[in-house]
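Participant: Quick one: the structure is below, and I'll ask about it shortly.
Bear in mind that the values in this text are calculations on the coordinates, not laboratory data. Treat the numbers as computed from the prediction; the structure is a model and nothing was measured. Note: ideal-geometry Cβ built from the backbone for every residue, glycine included; neighbour counts use all protein chains shown.
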Amino acid sequence: MPGTPEKPLAAAPVTVLAFDFGTRNIGMAVGQTLTVSARPLTVLRAKDGKPHWPQVLKHIDDWQPGLLIVGLPLNIDGSESEFCARARKFARRLRGRSGCKVLMFDERLSTIEAKSMEAKSKQPTGDYRQSPVDALAACLILQSWLQQPDLAINP
């Protein structure tokens with residue numbers, strides 16, 4: 001109708017990969033903005049924070065994400081930890097090597113929560129569905145971002 005403001009088109013669904021950066025392990029998760037859901041994907045081995053980049057890029061090529069999220073390990077009080085600089089460096093390298101948009105998201109307590117979730121999932125017999133802690137932490141980071149995308153930070 002003339003004079004009626006048009007509704008903006010809904011944003012197209014986006015596949016997102018998230019990373020929980022670590023010096024020995026880097027957890028990965030995949031999610032989707034349409035379903036606002038995420039799941040653990042894998043754990044990449046790293047040497048002093050340096051992953052095997054061809055493996056990382058293979059995952060990016062396979063999933064074709066529209067966005068990459070890297071956890072930012074802030075202190076409990078919100079200040080930057082010493083590890084933040086390393087996570088930011090990883091995020092910048094990830095952007096440079098992949099050509100994808102990269103954002104960072106506060107990951108405070110994600111690993112602690114992931115370890116707690118893993119411990120609760122174990123059966124008394126010791127047989128349980130394994131979900132590596134680092135991939136689960138990446139999933140928690142991604143789920144948090146999906147719920148509050150406006151809180152993302154540029155690397």
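Participant: Of the lysine pairs in the stretch 1-106, how many meet both conditions: Cα atoms under 28 Å apart, and a spacing of 8 or more in sequence or different chains?
Facilitator: Lysine pairs, 8 or more places apart or on different chains, close enough: 10.
Participant: Cut-off is 10 Å between beta-carbons; in what order do Asp62, Asp20 appear when sorted fewest neighbours first?
Facilitator: Values: Asp62 11, Asp20 30.
Fewest to most other Cβ atoms nearby, the residues stand as Asp62, Asp20.
Participant: How do 146-152, 102-108 rank on mean C-beta neighbours within 10 Å, highest first? Could the numbers behind the result be given before it?
Facilitator: Working: 146-152: 12.1, 102-108: 21.1.
Most protected by this proxy first, the peptides run 102-108, 146-152.
Participant: Tell me the label-point distance for the pair Leu151, Lys101, using the 7 Å Cα-to-Cβ offset, in nm and rounded to one decimal.
Facilitator: A separation of 2.0 nm, rounded to one decimal place.
Participant: A further question follows. How much length would be gained if the chain were fully extended between Ser81 and Trp63, taking 0.36 nm per residue of separation minus their Cα-Cα distance, in nm to one decimal?
Facilitator: On the way: separation 18, 0.36 × 18 = 6.48 nm, distance 3.09 nm.
Going from the current span to full extension adds 3.4 nm.
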